[in-house]
Amino acid sequence: MRKSILIIGAVVLSILNTNATNENKTLNTSNEVVEITKDNIAQIFEWKVETNKSTYSGTSLSLEQAKRMMALSSSGEIVKAKEIKSYFVLKSQLNNAEKRNYFWEVETATGNAKGYSSTEAHAKKMIELVASGDAIVNKIIISQPQQ
């Protein structure tokens with residue numbers, strides 16, 4: 001009796017598994033045509049700071065913001081090296097959130113964790129989940145274009 005129940009259960013599960021479908025995503029093969037003019041170009045700043053504890057990096061929309069992020073990320077640590085590079089990108093690519101990665105890092109009183117997310121909201125949610133019930137000592141979310 002037990003064997004027949006197990007066999008029936010295995011058959012039902014295999015039928016359900018074979019009928020399971022995956023969401024098919026259609027690939028967007030259309031090309032976006034953007035006129036390259038002075039008004040369609042933005043300058044971004046990629047920054048990197050190396051300290052005695054770690055290396056931090058990210059992108060900013062202004063030089064002042066890049067300097068501020070470098071100061072925030074390296075506060076309380078000995079700075080070994082600093083670097084800021086500027087790039088010109090199309091504004092249409094700059095605002096395209098689908099093509100960005102978000103690095104997140106959280107340090108609590110009992111440990112630390114870090115990872116990557118595809119959206120800023122997901123990065124914040126991961127920090128909340130990792131640090132739930134613990135006091136957050138430090139947290140960082142850095143956005144960077146996918147390469």
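No lab work stands behind these numbers, since they all come straight from the coordinates. Note that the structure is predicted; figures quoted are calculated from it, not measured.
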Quiz item: Once phi is turned into θ = phi - 60°, what whole-Hz ³J(HN,Hα) does the Karplus curve with 6.51, -1.76 and 1.60 give for every residue of region 39-53, x standing for Gly and Pro?
Solution: 6, 9, 10, 10, 9, 10, 10, 9, 10, 8, 10, 10, 10, 5, 9
Quiz item: Can you run phi through the Karplus equation (6.51, -1.76, 1.60; θ = phi - 60°) for region 64-70 and list ³J(HN,Hα) in whole Hz, with x for Gly and Pro?
Solution: 5, 5, 5, 5, 5, 5, 5
